[in-house]
1. Just want the ordering: 143, 31, from fewest to most Cβ atoms lying within 10 Å of their own Cβ.
2. In degrees from 0 to 90, rounded to the nearest 10, what is the angle of the helix 102-123 Cα long axis to the longest principal axis of the chain?
3. Can you grab the distance from the C-alpha centre of the stretch 100-157 to the C-alpha centre of the stretch 1-72, Å, no decimals?
4. Cα convex hull of the chain: mean projected area in nm², to one decimal?
5. If I fit a long axis through the Cα atoms of helix 204-216 and take the longest principal axis of the Cα atoms of the chain, what angle between them do I get, 0 to 90°, rounded to 10?
6. On C-alpha positions alone, give me the angle between the axis of helix 284-302 and the longest principal axis of the chain, in degrees, nearest 10.
7. Which of the peptides 67-73, 38-44 is most tightly packed, and how do the rest follow, judged by the mean count of other Cβ atoms within 10 Å per residue?
8. Starting from 0.36 nm per residue, how many nanometres of slack lie between residue 252 and residue 139 once their C-alpha separation is accounted for?
């Protein structure tokens, strides 16, 4: 594989895998291991290679935990299950339902094709290729768990926490023995030097409440869905900055709508404000749709929705 990216150890039982744009996390204790996050089609070969470099046999990975049902966090599921023959895919009932819909799989296939090509091009991971269309996942390989439940990896307890406001049925992972919290997109879209694109696609107040819950745990390691992980001191500052950043953009969205009374114009303005840098691994149509959702959620919270 060209452009190989080595795994990075974050704590005694936790490693960062994936690449710059998509972060996956290995939880390992003794001979047992699990992955948190799934990633895209293009990240699957990289992650399997990273596991091998760590000396893990494919059969040692018993679970792959899906954080939430968005294309960039789920499209690699079939490839990982094929490469990890003993692993079950842990997900909520709602995520399983979403990923079983033909309409979702068709849209996610298109999104995955675009984003996988962009990630490969930028990271130099491999030669460009066509990815198979996404299909329903094999039911016999699925394990339905909900927020509030937990699992163990060797001697490590992994508590599943609710992810609210970003997508229905999302999960966070809390590792109480180390104080690490794997937050995925519930902790914002991180740029290397700043908070990034708002992600409250389902509910603005619920998303902020989840951010506050994450911050209240004072994680020693904050595992983000994009652009890596942060140690405790940096994580605390980042979470505070992200809460303020989202509140500021929520106010700007509402103020602009009050001025123009045109939700589509506000969505276009939001797109022009954010569609650059890391966000351009996604198609313009994808981010345009997300901008419209953000406008809708802010207007709903302010009582401005028609």
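The numbers here are math on the coordinates, done by the rules we state, and not lab data. Note that the structure is a prediction, hence the values are computed from the model and not measured. All Cβ positions, even for glycine, are placed from backbone atoms using ideal geometry, and neighbour counts span all protein chains on display.
1. 31, 143
2. Tilt relative to the chain: about 80 degrees.
3. 13 Å
4. Computing the convex hull of the Cα atoms and averaging its projections yields 14.5 nm².
5. 50 degrees
6. 60 degrees
7. 38-44, 67-73
8. Roughly 36.3 nm would be gained on extension.
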